[in-house]
1. I'd like the accessible area for B:Arg308, computed on protein heavy atoms only with a 1.4 Å probe and all protein chains in place. Round to 10 Å², please.
2. Under a 10 Å cutoff between Cα atoms, tell me which one of B:Arg72, B:Arg231, B:Arg33 has the largest fluctuation in the Gaussian network model of chain B.
3. Can you give the translational diffusion coefficient of chain A in µm²/s, computed by Stokes-Einstein from the Kirkwood radius over Cα pairs at 10 °C and 1.306 mPa s?
4. Take peptide B:113-122, look around each residue's Cβ out to 10 angstrom, count Cβ atoms belonging to other protein chains, and average those counts.
5. Once the whole set of protein chains is in place, how much accessible area is left on B:His137, using a 1.4 Å probe, in Å² to the nearest 10?
6. For chain A, modelled as a Gaussian network with Cα springs under 10 Å, which listed residue fluctuates most, A:Glu139, A:Glu205, A:Glu174?
7. Across every pair of different alpha-carbon atoms, what Kirkwood hydrodynamic radius in Å does the range B:123-172 reach?
8. Calculate the mean, over all residues of peptide B:182-194, of how many other protein chain Cβ atoms lie within 10 angstrom of the residue's Cβ.
Number of protein chains: 2
Amino acid sequence: MWQPSIAPDAVDRIACVGAGVIGGGWVAHFLARGHRVTAWDPAPDAEDRLRRLVDAAWPALEALGLADGAARDRLTVVGTLEEAVADAEFVQESAPEDLALKSDLLARVDAAAPAGVVIGSSTSGYRMTDMQRAAAHPERLVVGHPFNPPYLVPLVEVAGGESTHPAAVAWAEEFYTLAGKTVIVLDREVPGFIANRLQEALWREALHMLAAGEATVAQIETAVTAGPGLRWPFHGPCSTFHLAGGEGGMAHALDHFGLENPWSRLAGPALTGDLRDTLVTGAAQVTAGRSTTDLIAERDRRLIAVLRALREAQA
Amino acid sequence: MWQPSIAPDAVDRIACVGAGVIGGGWVAHFLARGHRVTAWDPAPDAEDRLRRLVDAAWPALEALGLADGAARDRLTVVGTLEEAVADAEFVQESAPEDLALKSDLLARVDAAAPAGVVIGSSTSGYRMTDMQRAAAHPERLVVGHPFNPPYLVPLVEVAGGESTHPAAVAWAEEFYTLAGKTVIVLDREVPGFIANRLQEALWREALHMLAAGEATVAQIETAVTAGPGLRWPFHGPCSTFHLAGGEGGMAHALDHFGLENPWSRLAGPALTGDLRDTLVTGAAQVTAGRSTTDLIAERDRRLIAVLRALREAQA
């Protein structure tokens, strides 16, 4: 039975396999958290690009606060994948989004990394079940999907495949959380996970509008950034809908607005009693039963904070 | 031929017809901009609720800066729609989202308001063509769709119907802009306009995931607020995709990622040469031809500003 060889809070040495935009962002993040990082990327100019990326990110990381001992010179760039992972206590793979390539690469990482080490993949949407088939020890392979840039956006989506040991998923959840990330563990392997599916639905609706001449790129950008986008850093779609229902909350909003209007090319699911219950119960849970008045006051404080922050960042 | 009777920058008296969450938010906004506002709402407790809403919003509006002369006692609540609009220089209608009701109400507003006054509707998605049929002077009826809360979120989507005079659309664009809003004028009447279609596509994908047991309400909220939602106040989907393409920008991102992956229930449109051109040209326009390095540095500054602002607003 597979077991992790190190506690999540004891990890010092991290290997980053693939050091492009996402892999390089992970390198910057782990360095800022005080880790030693060994990176490998097959591109001929990879080291130069990686060090430039880390240098460009560093002022941001300093501004947010570095961990004790965090230093850019704790980064080592090596010539082979095997060297990169040989001593690793955790491996983050961030290769291009190609199933065969990732599958092959993960098998190589698995063959070269110490047996009890967890290996996370940055894949934006492949199921680990489909990526882990070629690996000799698939038990320790998990998805650890970040958002760009990984050194600033907190979200990491964690999911195991059919051959992943639950202990590896639990280890990854704890490790990423200790590394300062906000972690969602998926119960099911859904291609695209959660955030990318939501993002992709919005993007595809935008593409349809562009293709049909219904909006311009500039209008779509403004529609998001001057509109609902200002609320999305603190209220997701369910909280937004809950507040749109006023004192009646989600239940009132569902009964009042429904899903009948032709306001997206994506048809909604049937609003069954079960779905209604899920939404009403879920909204009550995420808002912790707080009153609408209280939630609105908090929303306004946050909106003002965001509006002011952007104004100042612009100036 | 219809002509406006007053210049947009000369407007003092505004009538708000319907004073619930959205109409009340407009009242608060216009008061904060220094206008005199007359409001009418048929609900028996409408005045109490409206004054509570304005009182609750006022600290936020003070924090962002009131216009000279702005005062809550410049609000008058009257007993009939006809009184509300009799002296108005601009009318904002924010009735419940019901086509027959709105159509009837707009006809009544039109019959009672001075001839040269523009009438804006807060509808979240109805086409003005479908709302203006009953009005005697449909030329001056426009959609002026805000986002909740209208006193903080800048976006207003403006669209005329088939019987709307272009001068009324132009007037509304100028008026809302002078009133501190960020205005998009739609060339076409698309139900749901632009921002609500994008928001609705995301919401429907979320509902499908909930209905299928693929995610919980709490996971969906976190997926947005800790993930892509943090970028949406300053980068819409096109800018995000442009930056995901690295130095190659939108063109590289399209050629590299495409739309093949099953990452939303909403199928994308065909990525024709025309659509590719629209996207590449549009992305170059909204990013004003700036380098990826420059755009990334700006994105990071803004992300840090948003993260810090939310941290402080929480504390």
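1. 100
2. Comparing B:Arg72, B:Arg231, B:Arg33 in a Gaussian network model of chain B, the most mobile one is B:Arg231.
3. The estimated diffusion coefficient comes to 73 µm²/s.
4. Numbers: counts 0, 0, 0, 0, 0, 0, 0, 0, 0, 0.
Partner-chain Cβ atoms within 10 Å, mean over residues of B:113-122: 0.
5. Near enough 90 Å² of accessible area.
6. In this elastic network of chain A, the residue with the biggest mean-square fluctuation among A:Glu139, A:Glu205, A:Glu174 is A:Glu205.
7. 11.3
8. The mean count of partner-chain Cβ atoms within 10 Å per residue comes to 5.
The values are calculated or read from the model by the stated rules, or taken from the named source; none is laboratory data. Everything numeric in this text was worked out from a predicted model, so none of it was measured. With ideal geometry, Cβ positions are generated from the backbone for all residues, glycine too; neighbour counts draw on all protein chains shown. With ligands, DNA and RNA removed, areas are computed over all heavy atoms of the protein, side chains included. Shrake-Rupley method; radii C 1.70, N 1.55, O 1.52, S 1.80 Å.
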